[in-house]
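The values are calculated or read from the model by the stated rules, or taken from the named source; none is laboratory data. Quick caveat: nothing in here was measured; it's all calculated off a predicted structure. Quick reminder, even Gly has a Cβ in these numbers, built from the backbone with ideal geometry, and neighbours come from all protein chains shown.
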Amino acid sequence: MTNEQLEKKISDAFAGAVPDVFDDIMEDIRKEAGSGGENTSPKKKKKSRNLIKIITAIAIAAAVILTIVGVSASRAGSVLAATVSLDVNPGIEISVNKKHKVLSVIPTTDDARDVIGDMDFTGTNLDVTVNALVGAMLSKGYLSDISNSILISVDSPDSREAVNLQNQLLGEVNALLENDDYKAAILSQTISDDAGLRALAQEYGITVGKAQLINDIISKTGRYKFEDLVALSINELNLLEKSSPEKLTSIGVASDKAYIGNDKAKEIAAADSKVSINDMADLKVEMEYENSIMIYEVDFRRGDTKYEYDINALTGTIVKTEKETNKTGQDNNGGQSGSQSSGQSQSGSAGQSSGGSGSSGSSGSANNNNSSQSSNKPAIQPATQAQTQAPKATTKAQTKSATQPATQKATTKAANNSSGGSKSRIGEAKAKSIAFGHAGVSGGQVRDFDIELDGNVYEIDFKAGKYEYDYEIDAYSGKVISVDKEYDD
C-alpha cells in the first residue's frame, strides 16, 4: 500500500470525526512509518479535548498496523498463548503468542467485520490492536453514551498469565476511554476451562467471553434461558448484572440513557398505585428482561399492601401489576387468622388502567403471614404462564396476564393514535434514522428493510448481522414505542 493510499484510507475512516487534527495525525503516521514501527516521537502535550486525544491515538495505532505489518508478521511466533475477546455488540477474538504478538483477529458478527475493516493486525502488539479496535468501535458508534459497556475476556491455560493480562488490558482500555464527557463501563474476566461453554459460543456465533457472562447472569438470577439473552448487547447484559462473580471485574456503570430511567419508573408506579414515592416502604427498582423487552421491576409496600410493577423500559407502558394485601387478627380461639390477598394485572400507557382483575381470599394457616410470603415469593411468571397457572395458595396474589405481545402492541398503538393531534408526521426517512440509531447499525449493514405506517405508528423491520429487528416508532414524536431484537437463524 502506498503512502497516498494510506492517507486516503485514514482520511476516509475519520472524516468528520476530528477534521481539525487530520494533518497532525498524518504527520505522526509518517514518523511512525519512518522509524520502522518504533514510536520515537516526543510526548505530546495534553489536548484540551479528551475525545480528540482518544481518536487521534486510535488513528495512529491503525495506521501503524497497516504500515508495519509486513515487517512484524515475519517475526511473530506461531504458538498460541492466550485468546483475548472484546465484546460490545460486535464480538472480536484476538489470538496472541507468548510475546503478546497477534496471531489472528477473528470477527464473530458482521458488526465485528465492520469494526475490523481491511486492517491486518498479524504480528502487531496486543495493546496496539486493542486500542485500534476500541477506537474503531467508538468512531463507528458501537460504543456511545447510550451503550457504554465493553467486556474484555482473557482465555489462557496459564491462570496467572490470564489474570495479569486481564489487569493490563483493563487498565489500558480504562485509560483510553477515560473522558469528562463519556463514562465507560468496563467488565473484564478470565475464562473458565469449560467445554460446554465453548460449545454454546460456537453454536450461537458469539465469543466464549460473552457466553460465560450470560451463564453467570442465568446462574445468579435463575430466571432466564441462554437463548433469551444471546441477542442482547453487553450494555443490556450489564444492566441485568446484579452482582459481580469472583472472576468478573467491573469499572463504571452501564448506561440506561436509552430507557426511561429508575426515577421515571417509580413515578409511573406511584401515579398508577396512588401511593406517593415518599410513602413507599421497601422500595426496590431493578432492570429485568421479559418477553423480549427490557423492563423495570418496581416493588414496594405501603402498610399491609405490597405492590409489584413491570414497566416497559423503553416506553413507560405498564406491562403488569400485582397487588397483595395481608391482614392478620385474632380468631375465636385466640389464634392468628390467615392473610387476605388480592392481585391484578394490566397493560396500557403509564398511569392508565386497562381493566385487569382482582381476587381476594383467606386462609386459616398461621404460617401464611406477611414475612413468610416475602421471603419465599417466586419471581413474576411470564404473561402466558400467569394466565394458565392456578394459584398454589389463597395467600398468593392471583394474577392474570397483563397482555399477550399482540395485545400490548395494540394497546400502545391506541394510546399513541389518540395523541397524534394536528402535528406533522416525522416521515419515513426520520423514522428509519431513529431505528438505525437506536439499534446501533448503519444503512450499509442493513438488509431486508421494510417500513409501513399503521395509523400513527411506523412499523420498521430489518436485519443486520445475525439479528432481526422489529421497531414501532411514534409517527409524530419519533419516540421508540417498542423494539424486538431476535437471533436470526
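Can you name the number of the only condition in (1) surrounded by 14 or more Cβ atoms within 10 Å (Cβ to Cβ); (2) farther than 18 Å from residue 86 by Cα that residue 196 fails?
(1)
Determine whether residue 296 is in contact with a helix residue (DSSP H, G or I) (Cβ under 6 Å, 6 or more places away or on another chain) and either in the same structural domain as residue 154 (by TED's automatic domain parsing) or assigned to a helix (DSSP H, G or I) (or both). First the steps, then the outcome.
Numbers: in contact with a helix residue (DSSP H, G or I) (Cβ under 6 Å, 6 or more places away or on another chain): yes; either in the same structural domain as residue 154 (by TED's automatic domain parsing) or assigned to a helix (DSSP H, G or I) (or both): no.
Criteria not met by residue 296.
Could you list, in sequence order, all residues of region 274-287 that are crowded, with 19+ Cβ neighbours inside 10 Å and at pLDDT below 95?
Result: 287, single match.
So that you can scan it fast, the table gives a plain yes or no per residue for (1) surrounded by 15 or more Cβ atoms within 10 Å (Cβ to Cβ); (2) under 25 Å from the mean Cα position of the chain (by Cα); (3) at pLDDT below 85; (4) outside the structural domain of residue 147 (by TED's automatic domain parsing):
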| site | (1), (2), (3), (4) |
| --- | --- |
| 432 | yes, yes, no, yes |
| 437 | no, yes, yes, yes |
| 440 | yes, yes, yes, yes |
| 455 | no, no, no, yes |
| 459 | yes, yes, no, yes |
| 468 | yes, yes, no, yes |
| 474 | yes, yes, no, yes |
| 480 | yes, yes, no, yes |
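Yes/no matrix, rows are residues, columns are (1) under 17 Å from residue 290 (Cα atoms); (2) buried (at least 17 other Cβ atoms within 10 Å of the Cβ):
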residue	(1), (2)
192	no, no
202	no, no
208	no, yes
213	no, yes
216	no, yes
229	yes, yes
233	yes, yes
236	yes, yes
239	yes, yes
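Got a number for residues in region 213-236 being farther than 22 Å from residue 255 by Cβ and in contact with a helix residue (DSSP H, G or I) (Cβ under 7 Å, 6 or more places away or on another chain)?
The initial filter retains those residues of region 213-236 that are farther than 22 Å from residue 255 by Cβ, namely 215, 218-219, 222-223, 225-227.
This time we only want the ones that are in contact with a helix residue (DSSP H, G or I) (Cβ under 7 Å, 6 or more places away or on another chain), so: 215, 218, 226.
Looking only at that region, the number is 3.
From the list 178, 172, 161, pick out the single residue that is of a type outside the set (Ser, Thr, Tyr), closer than 15 Å to residue 83 by Cβ and touching a residue at least 24 places away in the same chain (Cβ under 8 Å).
Numbers: 178 fails: closer than 15 Å to residue 83 by Cβ; 172 fails: closer than 15 Å to residue 83 by Cβ.
Exactly one of 178, 172, 161 is of a type outside the set (Ser, Thr, Tyr), closer than 15 Å to residue 83 by Cβ and touching a residue at least 24 places away in the same chain (Cβ under 8 Å), namely 161.
Give me the pairs: first residue in region 196-221 and closer than 15 Å to residue 155 by Cα, second residue of a type in the set (Phe, Trp, Tyr) and in a helix (DSSP H, G or I), beta-carbon distance under 9 Å, and six or more apart or on different chains, which are they?
210/204; 211/204; 211/226
Every residue, every condition in (1) assigned to a helix (DSSP H, G or I); (2) under 25 Å from residue 137 (Cβ atoms), yes or no:
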site	(1), (2)
216	yes, yes
224	no, no
250	no, yes
257	no, yes
267	yes, no
275	no, no
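For region 99-107, state whether one or more residues are buried (at least 21 other Cβ atoms within 10 Å of the Cβ) and in a helix (DSSP H, G or I).
Within region 99-107, not a single residue is buried (at least 21 other Cβ atoms within 10 Å of the Cβ) and in a helix (DSSP H, G or I).
Answer yes or no as to whether residue 154 is in contact with an Asp or Glu (Cβ under 9 Å, 6 or more places away or on another chain), surrounded by 15 or more Cβ atoms within 10 Å (Cβ to Cβ) and over 22 Å from residue 252 (Cβ atoms).
Values: in contact with an Asp or Glu (Cβ under 9 Å, 6 or more places away or on another chain): yes; surrounded by 15 or more Cβ atoms within 10 Å (Cβ to Cβ): yes; over 22 Å from residue 252 (Cβ atoms): no.
Spelling it out, it is not the case that residue 154 is in contact with an Asp or Glu (Cβ under 9 Å, 6 or more places away or on another chain), surrounded by 15 or more Cβ atoms within 10 Å (Cβ to Cβ) and over 22 Å from residue 252 (Cβ atoms).
Of the conditions (1) over 18 Å from residue 111 (Cα atoms); (2) touching a residue at least 60 places away in the same chain (Cβ under 8 Å), residue 471 fails just one. Which one is it?
Against the list (1) over 18 Å from residue 111 (Cα atoms); (2) touching a residue at least 60 places away in the same chain (Cβ under 8 Å), residue 471 comes up short only on (2).
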